[in-house]
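Rule-based calculations on the coordinates, nothing more; no lab input. Quick caveat, the model's predicted, so the values are computed rather than measured.
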Amino acid sequence: MKKLLFLTFVVPMIAFAQNKQDYGSVVDKFVSYYNKKQTDNICTLFPDEKSTGIKCFWEGASTDGTYNIYGKITDYRYIGTEGPDNRKVTKYKVVFSKKGAMTMRFNVNKDHKFMMFLLEPFKR
């Protein structure tokens, strides 16, 4: 969990139209679950292991290690999207109480599940 910021969860992208409301609700849920240390609920934001063959990296884990290093998420803001329509990546600036600003990059599928998820240092 300590290496969360550089952990990437990638599954083949599915082409579909995303809108800000779709990914905004997923980010709202992620932040709420993270701040409440509800890792099992975080896993519900990712596709089921049966359909992807990839286990949720939050499953059975604790956010305690992440909290000790990064702290609570105190703010998050939409930055924008980039890439072609079939591979659009959404970016949010996420501010942690201890570590400061990070960039969250992700893509969601038609079921509003994270298909790609990455946290990295924020660059202006």
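Things worth noting here:
- Cα pair distances exceeding 16 angstrom across region 31-122, given as percent: 59 percent
- Links that overshoot a 25 Å alpha carbon limit, given the list Lys55/Lys110; Lys50/Lys91; Lys37/Lys91: Lys50/Lys91
- Computed extension gain for Lys50 through Lys29, at 0.36 nm per residue and net of the alpha carbon distance, reaches 5.3 nm.
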